[in-house]
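Working notes, beginning with the structure itself.
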Ligand SMILES: Cc1cc2nc3c(=O)[nH]c(=O)nc-3n(C[C@H](O)[C@H](O)[C@H](O)COP(=O)(O)OP(=O)(O)OC[C@H]3O[C@@H](n4cnc5c(N)ncnc54)[C@H](O)[C@@H]3O)c2cc1C
Ligand SMILES: NC(=O)c1ccc[n+]([C@@H]2O[C@H](COP(=O)([O-])OP(=O)(O)OC[C@H]3O[C@@H](n4cnc5c(N)ncnc54)[C@H](OP(=O)(O)O)[C@@H]3O)[C@@H](O)[C@H]2O)c1
C-alpha cells in the first residue's frame, strides 16, 4: 500500500528469528515493484505505536512518528520476500522498539535502494578472488551477494571472514555452510568458498581469535584462506563496525592494496555507524 510519499510502502512481517538477546532477523513482504542489487541497503521505518508490543518512552518526542534507519538486505535480489538482520541497542531509538516486532506487524519501507557496496562497482576484468570481511550485522550485504549466482560465476575463490565477539553471536552459520552447495552448485565452474569465522572474546575450536587487522598483518588470514591478497587479483569488501573498517582499510593499504575509486582499486567499504 502506498503512503503519502510515493516511495514509502507498508510491508508486513512474515517471520522472526531470535539469535541472541541482542541479535535477531526478520522477513517482510516484498513490494512487487521493488528492485535492488545485492549489497544495497534500504531505509526501514517503524511507528512504535503500530507494533502490537511497544515501549512508551516518556523522554522521547518521536514516539508517535515513524523512525527510520538504514538496513542492508540479507536476501538475494531474486527472493520473493525481504530479509534483514538486526542488532538491538539498549535505548536505541529504533531497535529498542523494533526488537518487539511480531509476525503480522507492519513496517515502512522506503523502496529507493541505496549504497555502492555492490560487486558492480568493480570494473572488468574481474580479479580472481573476492574477500568479504565483516563484523556483527555487517554480514548482511555479503549474504545477499552470496545468494546471487553471478557472484559464484564471476570469481575463482570467495573468502568470507565474519567476526563476532562471542560464538553465540555468529549468526547464519548453517546458511553460510550450505551456500557453496546451494548457490555455487547451480553454476558451471563455481568459485571455491572459504568461510573463516572469527570469535574475538572467547576461544572457540575452528574459529580464529584475533581482530581482522592483526590477522592480516600476521598473515594468518591469508594462510587459512590459502590465498594471497594482492593488487592484481583481489577485490576486498569491508562492512560493519567503523573502527574495524578504518583499521582494516589502513592495514590493507600498508599491504599495498588500494581503495576502489571509479571502478579501479581493491577495497570497498560500508560503515554501519
Ligand atoms: C548503510 C547502513 C546499513 C546498515 N545496515 C544495518 C543492518 O543490516 N543491521 C543492523 O542491525 N544495523 C544496520 N545499520 C545500523 C542501523 O541503521 C541503526 O544504527 C541500528 O538499527 C540501531 O538503531 P538505533 O536507533 O537503535 O540506535 P542508533 O542511535 O542508530 O545507534 C546507537 C549506537 O549503537 C551502535 N550501533 C548501531 N548500529 C549497530 C549495529 N548494526 N551493530 C552494532 N552496533 C551498532 C553504535 O555504537 C551507534 O552509535 C546500518 C547502518 C548503515 C549506515
Ligand atoms: N553482551 C552485550 O552486552 C552485548 C553483546 C553484543 C553487542 N552488544 C551491543 O552491540 C553493540 C556492538 O555490537 P557488535 O557485536 O556488532 O560489536 P562490535 O563491537 O562491532 O564487535 C563485533 C566484532 O568486531 C570486532 N571489532 C571491533 N572493533 C574492531 C576493530 N577496530 N578492528 C577489528 N575488529 C574489530 C570485535 O572484536 P572485539 O571483541 O575485539 O572488540 C568483534 O569481533 C555494542 O555497542 C553493544 O551495545 C552488547
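The values are calculated or read from the model by the stated rules, or taken from the named source; none is laboratory data. From a predicted model like this one, the values you see are computed outputs, not experimental measurements. Here the Cβ positions follow ideal geometry from the backbone for every residue, glycine too, while neighbour counts run over all protein chains shown.
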Can you confirm whether residue 242 is out of contact with any helix residue (DSSP H, G or I) (no Cβ under 8 Å at 6 or more places or on another chain), within 13 Å of ligand 2 (Cβ to nearest atom) and in contact (Cβ under 8 Å) with a residue 12 or more places away in the chain? yes
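If we keep just the residues of segment 82-104 that are part of a loop (DSSP other than H, G, I, E, B) and closer than 21 Å to residue 134 by Cβ, which is farthest from ligand 2 (Cβ to nearest atom)? Please lay out each step first, then the result.
Just the residues of segment 82-104 that are part of a loop (DSSP other than H, G, I, E, B), to begin with: 88-94, 99-104.
Adding the requirement that they be closer than 21 Å to residue 134 by Cβ leaves 88-89, 92, 94.
Values: 88: 8, 89: 5, 92: 8, 94: 13 Å.
Checking each candidate, the answer is 94.
Select from segment 87-114 the residues that are within 27 Å of residue 149 (Cβ to Cβ) and surrounded by fewer than 18 Cβ atoms within 10 Å (Cβ to Cβ) and write down the one among them that is nearest to ligand 1 (Cβ to nearest atom).
Only one residue tops the list, namely 114.
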Output for segment 119-132, where each listed residue is touching a helix residue (DSSP H, G or I) at 6+ places or on another chain (Cβ under 8 Å) and closer than 16 Å to residue 262 by Cβ: 119
Of the candidates 146, 126, the one satisfying the condition of being surrounded by fewer than 22 Cβ atoms within 10 Å (Cβ to Cβ), more than 9 Å from ligand 1 (Cβ to nearest atom) and within 22 Å of residue 229 (Cβ to Cβ) is 126
Check segment 241-252 and report whether any residue there is closer than 23 Å to residue 152 by Cβ and buried (at least 16 other Cβ atoms within 10 Å of the Cβ). no
Checking residue 124 against (1) more than 16 Å from ligand 2 (Cβ to nearest atom); (2) assigned by TED's automatic domain parsing to the domain that holds residue 192; (3) at positive phi, only one condition comes out false. Which one? (3)
Per the list (1) within 21 Å of residue 125 (Cα to Cα); (2) touching a helix residue (DSSP H, G or I) at 6+ places or on another chain (Cβ under 8 Å); (3) away from ligand 1 (no atom under 16 Å from the Cβ), residue check on residue 261 breaks on (2)
Which residue pairs have Cβ atoms closer than 7 Å, lie 6 or more positions apart in sequence or on different chains, and pair a first residue in segment 148-175 that is in the same structural domain as residue 23 (by TED's automatic domain parsing) and touching a residue at least 40 places away in the same chain (Cβ under 8 Å) with a second residue that is in a strand (DSSP E or B) and within 16 Å of ligand 1 (Cβ to nearest atom)? none
State whether the residues of segment 163-175 include one that is within 16 Å of ligand 1 (Cβ to nearest atom), over 30 Å from residue 80 (Cα atoms) and touching a helix residue (DSSP H, G or I) at 6+ places or on another chain (Cβ under 7 Å). no
Restricting to helices (runs of 4 or more DSSP H) lying wholly in segment 186-272: which have 3 or more residues that are touching a strand residue (DSSP E or B) at 6+ places or on another chain (Cβ under 6 Å) and at pLDDT 95 or above? 242-254
Those residues of segment 129-143 that are within 14 Å of ligand 2 (Cβ to nearest atom), within 15 Å of residue 268 (Cα to Cα) and surrounded by fewer than 24 Cβ atoms within 10 Å (Cβ to Cβ) come to a total of 0
I'm checking my understanding of the structure. Among residues of segment 149-162 that are under 18 Å from residue 267 (Cα atoms) and outside any loop (DSSP other than H, G, I, E, B), which one is nearest to ligand 1 (Cβ to nearest atom)? 162
